[in-house]
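Accompanying notes for the structure given below.
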Amino acid sequence: MSIGKRVELLEHDREQQSRVLTGLIDQMGHGFTKEQLAQLRMAMREELADAGLRLDSADHQDDARRDFMFLRSLRKGVNGTAAKIGWLVIAAVCGAVIWLVNSGLNVWKA
């Protein structure tokens, strides 16, 4: 098959795929019905409740939000500590290399 024919087929496939995707997006552009949204909300609440996250009332939502904020701050703190320890290890290795080179130069001079 020639290169020109391959390019023509690829362009045709791309155009056809673009038409299909555009059609799907147009169909979904109307959104969900109220019944579908209610079903989705109920399904999500049930699944989250099974995982231990209750969102029935505003108090539960606020508690969950605070819990996630705590987890985020804990993660940032752990990442910051890990970064500081990493820099400390790098500085120690660099210091050891400098000390080793300096010791070698002192031995060479003597």
Inset, instruction - Please go through segment 21-68 and pick out each residue that is β-branched (Val, Ile, Thr) and part of a helix (DSSP H, G or I). - result: Thr22, Ile25
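Residue by residue, here is whether (1) among the acidic types (Asp, Glu); (2) modelled with pLDDT under 80 holds:
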{"residue": "Leu21", "(1), (2)": "no, yes"}
{"residue": "Thr33", "(1), (2)": "no, yes"}
{"residue": "Glu47", "(1), (2)": "yes, no"}
{"residue": "Asp56", "(1), (2)": "yes, yes"}
Legend entry - segment 29-42 residues that are at positive phi, paired with ones that are exposed (fewer than 10 other Cβ atoms within 10 Å of the Cβ) and not in a helix (DSSP H, G or I) (beta carbon under 9 Å, 6 or more apart): none
Inset, instruction - Name the residue, out of Asp62, Asp56, that is of a type outside the set (Ser, Thr, Tyr) and open to solvent by 70 Å² or more (accessible area, probe 1.4 Å). - result: Asp56
Inset, instruction - For segment 6-42, name all the residues that are polar (S, T, N, Q) and surrounded by 10 or more Cβ atoms within 10 Å (Cβ to Cβ). - result: Gln16, Gln17, Ser18, Thr22, Gln36, Gln39
Inset, instruction - Determine whether segment 66-73 contains at least one residue that is loosely packed, with under 10 Cβ neighbours inside 10 Å, among the acidic types (Asp, Glu) and at negative phi. - result: no
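The values are calculated or read from the model by the stated rules, or taken from the named source; none is laboratory data. Owing to the predicted nature of the structure, the values given are computational and were not obtained by experimental measurement. Because the Cβ atoms are built from the backbone with ideal geometry, glycine has one as well, and the counts that use them run over all protein chains shown. What goes into the accessible areas is simple: the full protein's heavy atoms, side chains included, and nothing from ligands, DNA or RNA. Shrake-Rupley method; radii C 1.70, N 1.55, O 1.52, S 1.80 Å.
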